[in-house]
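Working notes for the structure below.
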Amino acid sequence: MSDQISMDSIVVRLAGDSGDGVQLMGSQFIASTALSGKDFATFPDFPAEIRAPVGTTFGVSAYQMNIGVSPITTAGDAPDVLVAFNPAALKVSLPLLSSGALLIVNNDSFTARNLTKAGYAEDPRDTGELDSYQLVPADIGRLNLEAVKPFGLSKSDGGRCKNFWALGLLMWMFDCDLLPIEDWIRQKFARKEVVRDANLAALHSGHAFGETAELSEAIPRFKIRTADLPAGEYRGITGAEALSLGLAAAGELADRPVLFCSYPITPASPLLHRLSRLGELGVGTFQAEDEIAAICAAIGASYGGVIGVTSSSGPGIALKTEAMGLAVNAELPLVIVNSQRGGPSTGLPTKTEQSDLYQAVYGRNADTPIPVIAARSPGDCFFVAIEAVRIALRHMTPVLLLSDGYLSNAAEPWRIPDMDDIEPIEVNAAPGPDDTRDAQSLAFERNAETQGRPWITPGMPELMHRLGGLEKDIDTGHISYDAANHQRMTDMRAAKVESVARFIPPQTMELGPQEGELLVIGWGSTYGSIFQAVRKIRKTHSDVSYTHLRHLFPLPENLGGLLGNFNQLLVPEMNMGQLSTVLRDQLGADPTPFCKVTGQPFLISELAEKMESMLPPVVVAACKPVAKGEAR
Amino acid sequence: MSTVLSAKDFATSQEVRWCPGCGDYAILKTMTKTLAELGARPESTAFISGIGCASRFPYYVETYGFHTIHGRAPAIATGLKLANPDIDVWVVTGDGDGLSIGGNHLLHALRRNVGLKILLFNNEIYGLTKGQYSPTSRRGTRSPSSPGGSVDAPLSPGEFALGAGAKFFARAIDTDKAGLGDVLKEAHAFEGAALVEIFQNCIVYNEDVFADFTDRKNAAEKQLRLKHGKPMLFGADNEKGIRFNPDDFSLEVIDARSVPEQVLRHDERNKVVAHLLVELAKPVALGVIYKCPGDSFEKSWYAARKSGLKRSSSVADALRSTNTWTVT
Ligand code: SF4
């Protein structure tokens, strides 16, 4: 048996055709490494087509994961291990790999036809271009078919088990317990016995291959140190899971049902799917006929006393804009979730971007301010969902919650919060009937601190009133075309959103001191990459700090002061500089934007390089080689 | 016991702002009277409208009311109905609001059979935006946006509704208190989506567009008043009847006295005849043309949920409904 290689963390990438089951394989592998107490972060990278032509580079689906000692906050820059199910998967992944990476390739797929489809004139295994890697060719296709042969599956059905074969091999390489996966297979395929048994056989065959193959000394085994996560009860969670559970939790905290109204769109649909299964938590879902109907039904639900939520991605959010104005004018609570993707127009539906910040902060007709908040990590989606509902109900306003395609699908280990530790959400209660005031004015009697009006809903006796998109009198709530009143109402709507800032905690530093040379400001899903990059830089530059914004509009009240404590500001964003603009606009700051819109998350290395270019060079006495796997 | 309310109790303090002589006044009056007759409770009644002259309606009814955005009232009303199925939800829309910008929402509210009572004020013109031709305007309608006469083919609300899978379609005339009142009561009693087309006279931009059959002097000859189970008769002395012609699958007028056995009896559940009735021009069919009772959308939606929108399990449990592990 080969010696085990000890590491702090390792980056593994699985790549194949969309139909090869790499997403399933990745999530199962992660589940079992998590159970063995490791920290992780994952990045599923989907092709845009559901079933792109087999064997092509644009049909490659990949799942990248970073496993090891905490804090692991990104899926890693450069994979150390690649499992490639076909030549196209190899071709697409090669440029990403770290030097000397281990390549496990499915030999059987390297046919002349597949090589051509991948755009290889010659077999890369023969040309020497893989020489700088550690190549482990395995006849995955053939060995898998042999393993599942006794179950009498067709060749194509049998071939589908090969992800489990490869998973078995990975499990051997990483010394993971097979039991949880076996249990999962038994449960998942309980009603399809043949498939269940074939998958189990494939898993065991792959595992045995590692153990017994003549080549086994060429297949390294890795021992990854266990994470030193804070004590507690953990689970793995994706952003979509956390966001749906967070919305349900908000309903529980406010003691109101939630109605989630949505229209299918990539990459927001996983939320609709998840929430459709949370009926027992008092969550209803409604699949509307279009984006506009979705937000309108959510507004109707809020009007009816239920927490209305709608969700989409940028293009769909654009369609909802007019209705957001209605919710602002009618002073109704509403949460609008935007799982951002690359644009404009249909753009890059499966690739991630943060380019809808302008749309969220500025993108409506008239003076129509709406609070905007963003999630930073899969687990953070849970708390941000609660925060969005809290703001919506406190101030009786729509709230925009920004997530993105990466966050939706990425997974991380998550310490399960104690619901008792989370403050209940208060609802602006309806007043009792008052003979001296008419219901129309009672409905618009706003709280002086929050400008939130009481949540009066059909069914409540003696409080009937009329509501609408027309401007209304600030006191009586009746339609008003009065010029001075419109100014006062516009001021009230602005004051309402500004008042949100008084309820949010002061901005704090993720890393570094309160003042110094360079402050890096992040928002959204770039958290993981920026965190690691700043951590790395701080080893040589202790005057670099990092802060990450949840509240984008309004900004935290102390943020301006914090920015003023630094000589330079850097804002890395997956857009062309939108937060930089907002900071300039709102605080008169002058940050340096660092922009990337390639549809891929930031690499730690590119962020670190950018910071280094802004800082004085470090004089190094002697070169010390950096151990592999460090500071990812 | 709750007090008995009169039509006056359903009027608001707001000054009604339609043009003097507009058909909307008559509809409003019949509506408030019908609400009183139905014993409707103001707190559990809501009027939801879009944009247009008709959509001002909620401001004038002393119930809950929501004047929303152009064309979207059926979608907002659907959300309200799911949130609280106990509310009687009336949607007020027009030919522009409901069939042009909001055509999609109306279509889906009808096919889902959401328990909404949808009043479509059809005046074949855009009133609020000052007189442009609408999707129900007849070909050749001269308007500010079609000075040479419109060239679009008009949409028939009845054919639209039946095509969309509506389970209830009825027609009435704005000033016909009895006919409109009856139809409103039928719509109210219907469990699913009830679409009522009201021929509404816009005296400013499309005066008397329906006069041909709504004028009292023409009424007997030009209107076919349908009653479920009753023969389809019309004329001053009910001397004319409607028969189904099997040769060309059409409805035709016959002398009811000479061949009374050939006169069709109205069966509101017969969708084939309903299709022919909505197309019939002479006479124009009024009353409940089609009605096919069945479960409403919200009823099916709630039936599929064990505890409705109530919580029957805790988030704390849901958070742990997957593999968990403990770090010490
Ligand atoms: S424009 Fe026509 S429909 Fe509108 S209020 Fe005046 S008369 Fe009535």
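At A:SER154 and B:ASP237, where each label point lies 7 Å from the Cα along Cα→Cβ, what is the point-to-point distance in nanometres?
7.6 nm
Counting Lys +1, Arg +1, Asp -1, Glu -1, what net charge surrounds A:ALA89 among other residues with beta carbon under 12 Å of its beta carbon?
Combined, the nearby Lys, Arg, Asp and Glu give 0.
Give me the dipole magnitude in Debye, nearest 20, for region A:439-503 about the Cα centre, with unit charges on the beta carbon: positive for Lys and Arg, negative for Asp and Glu.
180 debye
Might you tell me the accessible area per residue for region A:472-607, computed with a 1.4 Å probe and given in Å²?
39 Å²
Where Lys and Arg each count +1 and Asp and Glu each count -1, what net charge lies around A:ASP45 among other residues with Cβ under 11 Å from its Cβ?
+2
Counting only heavy atoms of the protein chains, get the accessible area per residue of region A:90-157 (1.4 Å probe) and round it to a whole Å² value.
Using a 1.4 Å probe on heavy atoms only, each residue of region A:90-157 averages 52 Å².
Measure nothing fancy, just the Cα-based angle from helix B:177-189's long axis to the longest principal axis of chain B, in degrees from 0 to 90, nearest 10.
It is inclined by approximately 30 degrees.
B:LYS310: which aspartates and glutamates have alpha carbons under 14 Å from its alpha carbon, excluding same-chain residues fewer than 8 sequence positions away?
The qualifying aspartates and glutamates are A:GLU252, A:ASP255, A:GLU280.
Total Å² of accessible surface buried at the A-B contact, 1.4 Å probe, nearest 100?
Its buried surface, counting both partners, is about 5200 Å².
List the residues of region B:42-70 for which accessible area in the full set of protein chains is at least 20 Å² lower than for the chain on its own; 1.4 Å probe, protein heavy atoms only.
B:GLU43, B:ARG56, B:TYR59, B:GLU62, B:THR63, B:TYR64, B:GLY65, B:PHE66, B:HIS67, B:ILE69
For the protein assembly as shown, give the percent of accessible area contributed by carbon and sulfur heavy atoms, probe 1.4 Å, rounded to a whole number.
Carbon-and-sulfur percentage of accessible area, whole number: 52.
Over all distinct alpha-carbon pairs, what is the Kirkwood Rh of chain B in angstrom?
About 21.2 Å for chain B.
Just from its helices, what would the mean residue ellipticity at 222 nm be for chain B, if runs of 4 or more DSSP H residues each count -39500 (n - 2.57) and the sum is divided by every residue, rounded to the nearest 500 deg cm²/dmol?
So the helix-based figure for chain B works out to -7500 deg cm²/dmol.
Which FRET efficiency value, to the nearest 0.05, is calculated for A:ALA366 and B:ASP212 with the Förster distance at 51 angstrom and r the Cβ-Cβ distance?
For R0 = 51 Å, the calculated efficiency reads 0.70.
Pairs to check: B:LYS222/B:LYS291; B:LYS8/B:LYS227; B:LYS117/B:LYS177. Give those whose C-alpha atoms are more than 25 Å from each other in this structure.
From the list (B:LYS222/B:LYS291; B:LYS8/B:LYS227; B:LYS117/B:LYS177), the Cα-Cα distance tops 25 Å for B:LYS8/B:LYS227.
Given H placed on each backbone N at 1.01 Å, which residues far from A:LEU549 in sequence or on other chains put an amide H within less than 5 Å of it?
Here A:GLY522, A:TRP523, A:GLY524 satisfy the definition.
Which of the lysines could be linked to A:LYS536 by a straight reach, that is with a Cα gap under 29 Å, when you skip same-chain ones fewer than 8 residues away?
A:LYS38, A:LYS223, A:LYS351, A:LYS596, A:LYS610, A:LYS624, A:LYS628
Check the straight Cα-Cα distances from A:LYS192 and name the lysines below 20 Å, setting aside those fewer than 8 residues away within the same chain.
Here the lysines satisfying the reach criterion relative to A:LYS192 are A:LYS149, A:LYS155, A:LYS162.
Tell me, what is the Rg over Rh of region B:1-144, with Rh the Kirkwood radius over Cα pairs?
0.99
Three principal axis extents, largest first, for the C-alpha atoms of region A:4-224, in Å?
44, 43, 39
With only alpha-carbon atoms in the gyration tensor, what are the semi-axes of the equivalent ellipsoid for region A:164-242, in Å, largest first?
Result for region A:164-242: semi-axes of 25, 22, 9 Å.
Are there any trypsin sites (Lys or Arg not before Pro) in region A:12-68 that are in a DSSP loop and have at most 16 other Cβ atoms within 10 Å? List them by number.
In loop regions of region A:12-68 (DSSP not H, G, I, E or B), the sparsely surrounded trypsin sites (Lys or Arg not before Pro) are A:ARG51.
Less than 12 Å Cβ to Cβ from A:GLN487, Lys/Arg counted +1 and Asp/Glu -1: what total charge do the surrounding residues give?
Combined, the nearby Lys, Arg, Asp and Glu give -2.
How large is the Kirkwood hydrodynamic radius of region A:235-421, in angstrom, based on all distinct alpha carbon pairs?
So the Kirkwood estimate lands at 15.8 Å.
At 7 Å along Cα-to-Cβ for each site, give me the label-to-label distance between A:GLN487 and A:GLU557 in nm.
Placing both labels 7 Å along Cα→Cβ, they lie 2.7 nm apart.
Could you give the spread of the C-alpha atoms of the protein assembly as shown along their three principal axes, from largest to smallest, in whole angstroms?
For the protein assembly as shown, the Cα extents along the three principal axes come out at 108, 69, 60 Å.
With θ taken as phi - 60° and the coefficients 6.51, -1.76 and 1.60, list the Karplus ³J(HN,Hα) couplings across region A:292-308 in order, rounded to whole Hz; mark glycine and proline as x.
Using θ = phi - 60°, the values come out as 5, 4, 5, 5, 5, 5, 5, 5, x, 5, 5, 4, x, x, 10, 6, x Hz.
Separation of region B:106-171 and region A:180-229 by C-alpha centroid, Å?
For region B:106-171 versus region A:180-229, the Cα centre distance is 63 Å.
Would you please give the residues with an amide H less than 5 Å from that of B:VAL209, counting only those at least 5 places away or on a separate chain, with H modeled from the backbone geometry?
The list, which skips near neighbours in sequence, is B:CYS202.
Whose amide H sits under 5 Å from the amide H of B:VAL284, counting only residues 5 or more places off or on another chain, with H placed in the peptide plane?
B:GLN223, B:LEU224
For region A:1-94, what Kirkwood radius comes out of the mean inverse Cα-Cα distance, in Å?
One decimal place: 13.7 Å for the Kirkwood radius.
Do any trypsin sites (Lys or Arg not before Pro) in region A:251-343 lie in a DSSP loop with no more than 16 other beta carbon atoms within 10 Å, and if so, which?
In loop regions of region A:251-343 (DSSP not H, G, I, E or B), the sparsely surrounded trypsin sites (Lys or Arg not before Pro) are A:ARG277.
Only loop residues by DSSP count here, and only those with at most 14 other Cβ atoms within 10 Å; note down the trypsin sites (Lys or Arg not before Pro) in region A:529-609 that meet that.
Listed in order of number, the matching sites are A:LYS539.
Nearest 10 degrees is fine. How inclined is helix A:239-254 to the longest principal axis of chain A, computing both from alpha carbons?
Taking Cα atoms only, the helix is inclined about 30 degrees.
Extension gain A:ALA208-A:GLU122, at 0.36 nm per residue separation less the Cα-Cα distance, in nm?
Stretched out fully, the A:ALA208 to A:GLU122 stretch lengthens by 27.8 nm.
Relative to the longest principal axis of chain A, what angle (0 to 90°, nearest 10) does the C-alpha long axis of helix A:483-499 take?
40 degrees
Counting only DSSP beta bridges with both residues in the protein assembly as shown, what percent are antiparallel, rounded to the nearest 5?
35 percent
The values are calculated or read from the model by the stated rules, or taken from the named source; none is laboratory data. As the structure is a computational prediction, the values presented were derived from the model and not from experiment. Every residue, glycine as well, gets a Cβ built from its backbone with ideal geometry; the counts of neighbours run over all protein chains shown. The accessibility values were calculated without ligands, DNA or RNA, using every heavy atom of the protein model including side chains. Shrake-Rupley method; radii C 1.70, N 1.55, O 1.52, S 1.80 Å.
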